[in-house]
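Remarks on the structure that follows.
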Amino acid sequence: KHENHVFYCTDEAAQATYVELHKNQGLEVLFMDSFIDTHFISFLEQEYSDVKFSRVDSELDNTLVDQDKASDIVDPKTNKTRSELVKEIFEKAINKPKVNVKTQALKSDDPQGTPPAMVLLPEAMRRLQDMTALLQQQAAQFPEEHVLVVNTAHPLIENLVEISQGSIVQGVGSSPSGELATLICQHVYDLALMAQKGFDAQGMKSFVERSNQVLTRLTNR
């Protein structure tokens, strides 16, 4: 299914979501979790130049992506496709220029069982950072530049578009539903970062506070 392309995993717990996505589509993943394995991969790439090695969280193979035609339908009210709306909502909510937001529909028999969003770390960029950290004898920092893939097939993301356009703006600023949509976007992004262990102390503090805000909003009737 993926000739000359090897998918591998280095941390079974941290990359469990990504591994499960591959397994569900019948893609084989090699567990290379020993310290020497990263050097072994480089050796294999030199020996077999036609073979590409990708960690499961570096990119999404086409086998994992559903060509969601619904995302390409233009909404007459906004003159934008659903994918464009989702991308715009997340970019505005996250407000991090170095985060590249992409929208794709992940294949699954149970859309609820797939993550609403995933953080991807491009292979070449991640390897360079790991090498730099090794040479400087320090722990690798989570890169500011990364990809956030928003799963347009997930029910939460489908509902999010409706919520963001749900109510009329009251006074100055955004609508109550728009504010809730922003909180949910930030929460979804936090969960994607958590799966990558991409939190620092401040990030964890913000996540807990935002979780409480989201739950309060949802229970406030």
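The values are calculated or read from the model by the stated rules, or taken from the named source; none is laboratory data. None of the values given here were measured: they were computed from a predicted structure. Positions of Cβ are generated from backbone atoms using ideal geometry, with glycine treated the same way; all protein chains shown enter the neighbour counts. In case anyone asks, the SASA skips ligands and DNA or RNA and just uses the protein heavy atoms, side chains included. Shrake-Rupley method; radii C 1.70, N 1.55, O 1.52, S 1.80 Å.
Between Glu144 and His39, full extension at 0.36 nm per residue minus the direct alpha carbon distance yields a gain of 35.3 nm. Between the amide H of Lys102 and those of Leu148, Val149, Val150, distances stay under 5 Å, these residues lying 5 or more places away or on another chain, with hydrogens modeled in the peptide plane. Note on the chain: with charges restricted to the Cβ of Lys and Arg (+1) and Asp and Glu (-1), its dipole about the Cα centre is near 900 debye.
When the pairs Lys52/Lys98; Lys1/Lys92; Lys96/Lys205; Lys52/Lys80; Lys1/Lys102 are compared against a 28 Å limit on Cα-Cα distance, Lys1/Lys92; Lys52/Lys80 fall above it.
For the range 99-110, backbone phi angles converted through the Karplus equation (6.51, -1.76, 1.60; θ = phi - 60°) give residue-by-residue couplings of 8, 8, 8, 10, 10, 8, 9, 7, 5, 5, 6, 10 Hz, Gly and Pro being listed as x.
Counting only chymotrypsin sites (Phe, Trp or Tyr not before Pro) that are in a DSSP loop and have at most 14 other C-beta atoms within 10 Å, tell me the longest site-free stretch of the chain. Can you show the working numbers first?
On the way: sites that count: Phe35, Tyr48.
Longest site-free region, per DSSP loop and neighbour criteria: 49-221.
Couplings 3J(HN,Hα) of the range 144-153, computed from phi: 5, 8, 8, 10, 10, 9, 9, 7, 5, 8 Hz, in residue order, whole Hz [Karplus 6.51 cos²θ - 1.76 cosθ + 1.60, θ = phi - 60°; x for Gly and Pro].
Compute, for the range 1-70, the length of the dipole vector about the Cα centre, with Cβ point charges of +1 (Lys, Arg) and -1 (Asp, Glu) only. Units Debye, rounded to 20.
Here the range 1-70 has a charge dipole of around 140 debye.
Annotation: amide H of Arg55 within the under-5 Å range of Tyr8, sequence separation 5 or more or interchain, hydrogens built in the peptide plane.
Under a Cβ-Cβ cut-off of 13 Å, what is the net charge of the residues other than Ala13 that fall near it, where Lys and Arg count +1 and Asp and Glu count -1? Spell out each step's value before the answer.
On the way: positive: Lys197; negative: Asp11, Glu12, Glu20, Asp33, Asp57.
Local charge sum for Ala13: -4.
Normalising the average separation of contacting C-alpha pairs (under 8 angstrom, six or more residues apart) by the number of residues puts the relative contact order of the range 2-151 at 23 percent. Protein heavy-atom accessible surface, 1.4 Å probe, per residue over the range 90-154: 57 Å².
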